[in-house]
C-alpha cells in the first residue's frame, strides 16, 4: 500500500505540471492512436466475406459477435436498420446473404 | 460476462487502463465493476467509453479548439478554451451513466450495445454553465431547444451525425455545464477531450463529447438521435410488456435510482462473523434518502449507513454491518431517493434496453 502511494504521487504531479495549471482549461495537443486489429473476426461460413466487406466499413465485427442470439427476423431488422437508417450502401443481394450468414452463425432458429 | 455471447477481452486503450472491450471500433469500453469499490470517484483512466460513430479525431489541439454558438441567438459566438476559463467556473460531482447500462441483463434480450453494469462512472466535473454561454449569445424569443454537437463524424456520409438537444429551460439549468476538467485533469480524449457537455442527473447520451457546436433551435429537434433513437416508453419506470406496441414515447431523460453492492460479487464465498458490506447508490438528482440491505432475498430490510455526501448527483457510498452466520444467502440492496422513487424487484423491459434499475441481488455463501 505504502509503496504504491509513493509511486503514484510523483507521477500525478508530473502530469499536472506539464499539461495544465489547476482549475484552468487545457491547452495544447492530445494525440492518441486507437488500436487496430483488435477483437474477433467474423466466423467462417458462406457470407462471411460479404459481412466483412460491408459491416466493417462502420464498425468492428465485435458489434455482431456480442449480440444475443437473434432470429432471422431480428437479424433482418438489424441489417435493414443499417441500410435505411444509417445509410450503409449494401446491395440487395449482399444484404440477403448477410442476413442468412448472421442467422446461421450468430443466431437462433 | 454472465450472459450469452458475453466473452470480452480486457485491453488498455490510449490514456486508459485495461477495460472490458465491448467493441474496438467505435471504441466502447466498460469499467470492470471492482473499480467502483475503490472510491466514490471513478478514475479517468478507468471511466467507461462509448462512441456511436467511428469517425473520431485522434489528435485535438485544445489551443485552437473552438465552440461555435449559433442559431436563434442575438450574437453568434466562437469560444476558445481560454474564453471558457475566463468565465465563472462550476464544479459538480455527477454520475455519467449510459442509457443502455446493464442492457445485457434484459430478458428477453434486446439487440444493441451489450453492457454489463459498468457503463457508468462518477467524476468531479469543472466547467462553465451553458446558461452563462447562452446569456452571452442572447436567446431570441423563438428559442425552443439547444442542440449540441461534437467533432465526431459518421464514417459514411448518409449516417446521421450525432447531435443531442435539450429544451431551453433544461439547458439553462444550474447543473448543465461545458466541462473542461474531469477529476481536476484534462479528460482523456476518449471521454471527450478537450470539452464535453455535462447534464448532471441525465443519461450520458446527452453528455456530448468533444463539444464543438451549440445551436439554438426554434423547433423541437427532429434529428435521428432525438426523434428515433434514445426514446423510452412514456410509462411509469419506462417499462412495457415485451413485444407490446402502440405506446407513446419520449426522449430518455433523468437517471433512474439504482444501488449496487461493490465489496462482493454474485456467487461470493465469505467467512462467518462480522462483515462490512460496501456499495454505491445514485439517482437523477434528488439525492439518496436511504439504502436498505436484505440478507433474505428481499423479505426483510435493514438500513445501511450513508457515507460522505458529494452532492445530489454523485454516487453515494454506503456501508452495512452484517454479522454473517454460516449458510447460503441472497443479499439484496434497494435505494430510495429524496423524491420518493425507489427500485423494484421485478425488472422493467423495453425494446431499447434502457433504464434498467431492478433491485440487485447477490448469492453469498458464508462458512
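Data overview
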| item | result |
| --- | --- |
| Pick from region B:70-84, criterion buried (at least 19 other Cβ atoms within 10 Å of the Cβ) and within 14 Å of chain A (Cβ to nearest Cβ), ranking: farthest from residue A:27 (Cα to Cα) | B:79 |
| Options B:343, B:321: the member that is closer than 17 Å to residue B:276 by Cα and either in contact with a helix residue (DSSP H, G or I) (Cβ under 8 Å, 6 or more places away or on another chain) or at pLDDT 95 or above (or both) | B:321 |
| All positions within region A:57-77 that are buried (at least 18 other Cβ atoms within 10 Å of the Cβ) and closer than 22 Å to residue B:161 by Cβ | A:58, A:59, A:60, A:63 |
| Within region B:22-138, strands (runs of 3 or more DSSP E) holding 1 or more residues that are modelled with pLDDT of 95 or more, in contact with a helix residue (DSSP H, G or I) (Cβ under 7 Å, 6 or more places away or on another chain) and on the phi < 0 side of the Ramachandran plot | B:59-61, B:67-71, B:77-79, B:90-97, B:120-129 |
| Subset tally (residues that are more than 14 Å from every other protein chain (Cβ to nearest Cβ) and under 30 Å from residue B:3 (Cβ atoms)) for region B:85-105 | 7 |
| Residue among B:14, B:2 that alone is at pLDDT below 95 and in a loop (DSSP other than H, G, I, E, B) | B:2 |
| One residue from B:283, B:309 being closer than 19 Å to residue B:121 by Cα and free of Cβ contacts under 8 Å to residues at least 40 places away in the same chain | B:309 |
| Count of residues meeting criterion [within 14 Å of chain A (Cβ to nearest Cβ) and part of a strand (DSSP E or B)] in region B:199-235 | 2 |
| Top-ranked residue in region B:176-190 [being out of contact with any helix residue (DSSP H, G or I) (no Cβ under 7 Å at 6 or more places or on another chain) and not in a strand (DSSP E or B); ranked as nearest to the other protein chains (Cβ to nearest Cβ)] | B:189 |
| Scan of region A:28-64 for residues that are facing chain B (nearest Cβ under 7 Å), outside any helix (DSSP H, G or I) and either modelled with pLDDT of 95 or more or in contact with a strand residue (DSSP E or B) (Cβ under 6 Å, 6 or more places away or on another chain) (or both), ordered by number | A:28, A:29, A:30, A:31, A:32, A:33, A:34, A:35, A:58, A:59, A:60 |
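The values are calculated or read from the model by the stated rules, or taken from the named source; none is laboratory data. Computed from a prediction, not measured in an experiment: that's the story for all the values here. Neighbour counts run over all protein chains shown; Cβ positions are idealised from the backbone, glycine included.
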